Amino acid sequence: MCGIVGAIGATDCTPFLLQGLRTLEYRGYDSAGLAVLDNGLQRARAKGRVAELEARVAEQQLQGQVGIAHTRWATHGVPAEHNAHPHVSAGLAVVHNGIIENYEALREKLQALGYAFTSDTDTETIAHLIHACLNGELDGEAPSADLFSAVQCAVAYLQGAYALAVISEDETDTLIVARQGSPLMLGVAEDGHYAASDASALLSVTKRMMYLENGDVARLTRDAIYLKDVSGQPVERDIVTSSLSANAVELGEFSHYMQKEIFEQPQALGNTLEMISGAGKLEPGIFGAEAAEVFQQVDSVLIIACGTSSYAGMTARYWVEQVAGLPCNVEIASEYRYRVSVANPRQLVVVISQSGETADTFAALEHAKAQGHTHTLAICNVPESAIVRETALRFITRAGPEIGVASTKAFTTQLSALFLLTLLLAKAHQRLDEADEKAYLDELRHLPVAVKNVLALEPSIKAWSRHFANKHHALFLGRGRHYPIALEGALKLKEISYIHAEAYPAGELKHGPLALVDAEMPVVVVAPNDELLEKLKANMQEVSARGGQLYVFADGGSQVTSSEGVNVLQMPEHYGLLSPVLHVVALQLLSYHVALVKGTDVDKPRNLAKSVTVE
Ligand code: G6P
C-alpha cells in the first residue's frame, strides 16, 4: 500500500526520493508525490505511476537537500492529483501511511478554525493540525516551539495508525518523522539521514537502519537523530545492519518479479530449510527458546492469516491433524478479529504473514491475546516486522524480498515452515517415530530439487495459457490437502489476469458449480496420485459429460489420459504429504503465462497492494 521516503543531506535528494518510490512501487499505489525545500516549499504530484511524477519533477526542476515523497493507495478519496501526498498547510508538508480514524471530527474542528481543505483525505487534517499546533490555535495550547514539538502536539490528537514524515520551509535543516502502528525506519548514512516505510527503499544509500517504535517522534538533521518515545522521554534506538542486499530487489535477467520469484523457489526453500540440511532430527528451538515446552503443552492449533497466507494455513490444517493428531482450525484474520469466539489457553495461535504488516492479521493476533490466548507463534518473511515482535515464538522464512503482488515464493516457504511445525508438534505429542522423522526430513531436503522439476514443465504450461486468455471464468478443483492449492491457483489467476476464477472441493461440484460448466468453462484439476484420485476421476467425468474443458495436473503414475476435452499435464512422481508444494508451483506458472498473453500488469495488478496495512 502507501509508501514513504524522506531524506536530509548535503546534496540534492530528489534522485534518492524518486529511486525510493520506484522501489516501493511493488506495494501497490495509484498516485505519487514529492516535496523539497529549496527557496521555500516546492511540491510535485501526479496521478498514476512514479514515471509521471518523475517527468513533473524534471519539468518543475525540483531539487533540494531536504525532501519527502510518497506513493498513495487510495482509501479516503479517489486516486487523483488533489488527493496525492504530500499535503500542505502553509509552508509545511506531510506524507502519511495508515488511516486516521477520527479524521472527520478533526476536519470539522480545523474548519471551524478557518482551515480550508483541498483534498478528501484523512492526511490533510494532519498537515493543518501541525500548523494549528505551531500557531497555538488548539484547545488553549501554547504555540509549539518548533516543528518537532508541533508534530508531538498533533499526534496526540490522532486516533488510528500512522507513519509520518514532515518538512517545513521555516526549518530548513529538519525532517520530522513519527510512527504509530504503521512501519517506519531510518537510514543512517555518512552523507545524511533517510527515512522509509520499507527497508528496501533505503538500500541504495545504506544498510544501517534504525527501526522506530510505536509512539516515537524523531528529528533528523544532516548529522544527528534526536528521538522521543511515546511518553515524551528522550530515547535511543539501536542501529542494525540490514541483511537485505540491493540486488535482491532487482529484476536481473527476468521480465517480471513474479517470474523471478517463481523461479527463485528452489533457492528460497533451500535457504528456509538450511537449518535442517545436515540434521538427523528436528529440534523445537528453531521456533524459539520456549518452543519445546509450549509444543508439549498445547492441545490444538488455531491458524490466522489473510489471502495467500491463509491458504498456507488451510493446507497445514490437513498436515497438523493427520500427522500431529491435534485439532486445527484456520481463521481469516479480518473475520476472526471481530468474531465472538471461545479462547482455549492451551491452543497454539499461529499467525502467518509474508510481510508481517497486514493490519487485519496484526489486529487478530492482538484480539487472540486479549481473549486469553497465551501461546502465540508467527511465521513470517520479515524478521523486524510488527507481527514478529508481538509473538512469543517465531519462524522466519528465508524467501528473500517478495516484490510481485501475487505471492509465490513466500507461500511455498510458508508451507515448508508449517510442515516443520507439524513434525515438531507430532514429536512433542509422541506421534512421530525416528524412522518417519528421518523420512520426512529427507523429503523436505529434496524439495528444492522436486520444485525444479516442476519448473521444467514451463513450456507445456505456457502452451495451455493461450486456451485461458480469452475466457471470462475458470473453475479450479481439488480434494483434501490439494483443495487449498486449488483455492490458491484460482486466486493467482484472478489477481493477475482478472479472469474470474473459483475453487471448489471437487466433491462439491454437484452442489452448484456444475451448473456453470459448458464448453466455454476451463476446469483446472489438481490431480495428485493420492488416496482421493479415484474420487477425483469421477468428478472429472461429471465435467466431461457436460462438455467442460479439463486441464488436469496429474502426477506421474496417475493414469489420467488426454482425450477430446481432457488436457493432461504430467507432473513429476507423487510427493506424498508435501505434494501441495509442487502442485502450486505449476498453478503459479499457469496464471503467470495467462497474464502475459492477456498483457496485464503482472507485478502490479490493478487495485491490489502487496502489504495491506489498513483494514
Ligand atoms: C495481500 C497480498 C497477498 C498476501 C496478503 C496477505 O493481499 O497481495 O499476496 O497474501 O496480502 O499478506 P501477508 O503479508 O500477511 O502474507
* Cα-Cα pairs above 19 Å in segment 47-110: how many percent? -> 40 percent
* Asked: Going 7 Å from the Cα of ALA456 in the Cα-to-Cβ direction, what parts of segment 548-564 have a backbone nitrogen less than 20 Å from that spot?
  -> 553-559
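At 10 °C and a viscosity of 1.306 mPa s, what translational diffusion coefficient does Stokes-Einstein give for segment 82-154, taking Rh as the Kirkwood radius over Cα pairs? Give it in µm²/s as a whole number.
130 µm²/s
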* Asked: What FRET efficiency do you get for ASP170 and ALA289 if R0 is 60 Å and r is their Cβ-Cβ distance, rounded to the nearest 0.05?
  -> 0.75
* Cα convex hull of the chain, projected area averaged across orientations, nm² -> 28.2 nm²
* At 0.36 nm per residue, minus the direct Cα-Cα distance, what do GLN296 and ASP442 gain on full extension? Give it in nm, one decimal, please. => 50.1 nm
* Asked: Per residue Cα convex hull volume for segment 389-460, in cubic angstrom?
  -> 129 Å³
* To do: Return the carbon/sulfur percentage of the accessible area of segment 71-168, one whole number, probe 1.4 Å, all protein chains in place.
  => 50 percent
* Please give the FRET efficiency for PHE117 paired with TYR226, using the beta carbon to beta carbon distance and R0 = 35 Å, rounded to the nearest 0.05. => 0.65
* Length gain on complete extension for the stretch PHE254 to ASN135, per 0.36 nm per residue less the alpha carbon to alpha carbon distance? -> 37.5 nm
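Kindly work out what percent of the DSSP beta bridges joining two residues of the chain are antiparallel, to the nearest 5. Write down the numbers at each step before the final one.
Details: 61 of 104 bridges.
DSSP beta bridges in the chain are roughly 60 percent antiparallel.
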* Asked: What FRET efficiency comes out for the pair VAL235/VAL597, r = Cβ-Cβ distance, R0 = 51 Å, nearest 0.05?
  -> 0.40
* Say the cut-off is 25 Å between C-alpha atoms; which of LYS537/LYS598; LYS462/LYS492; LYS281/LYS369; LYS492/LYS610; LYS438/LYS492; LYS462/LYS494 go over it? -> LYS537/LYS598; LYS281/LYS369; LYS438/LYS492
* Structure fact -> Computed curve, segment 271-327, Cα-only Debye sum without solvent term, log₁₀ I(q)/I(0) at 0.25, 0.28 Å⁻¹, is -1.18, -1.14
* To do: Let me know the charge dipole size of the chain about its Cα centre in debye, to the nearest 20, where only the beta-carbon of Lys, Arg (+1) and Asp, Glu (-1) is charged.
  => 1300 debye
* Value of relative contact order over segment 65-167, rounded to a whole percent, pairs C-alpha under 8 Å and six or more apart -> 34 percent
* Asked: What percent do you get for the relative contact order of segment 152-292 when only Cα pairs under 8 Å and 6+ apart count?
  -> 16 percent
* Can you tell which of TYR211, PRO484, LEU533 lies farthest toward the positive end of the dipole of the chain, using +1 and -1 charges on the Cβ of basic and acidic side chains (Lys, Arg; Asp, Glu)? -> LEU533
* Structure fact -> The orientation-averaged projected area of the Cα convex hull of segment 67-188, in nm², is 7.2 nm²
* So what is log10(I(q)/I(0)) for segment 220-299 at q = 0.14, 0.21, 0.25, 0.27 1/Å, when the Debye sum runs over its Cα atoms only? -> -0.90, -0.99, -1.20, -1.30
* Mind checking the alpha-carbon convex hull of segment 162-213 and giving the volume per residue in Å³? -> 78 Å³
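Computed over the Cα atoms of segment 1-81, what is the convex hull's projected area averaged over all directions, in nm²?
If I average the Cα hull's projected area over directions, I get 4.8 nm².
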* To do: Roll a 1.4 Å probe over the protein chains and send me the accessible area per residue for segment 1-72 in Å².
  => 34 Å²
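The values are calculated or read from the model by the stated rules, or taken from the named source; none is laboratory data. Everything numeric in this text was worked out from a predicted model, so none of it was measured. Glycine gets a Cβ as well: all are built from the backbone with ideal geometry, and neighbour counts include every protein chain shown. Just so you know, the surface numbers come from the protein's heavy atoms only, side chains and all, with ligands and any DNA or RNA stripped out. Shrake-Rupley method; radii C 1.70, N 1.55, O 1.52, S 1.80 Å.
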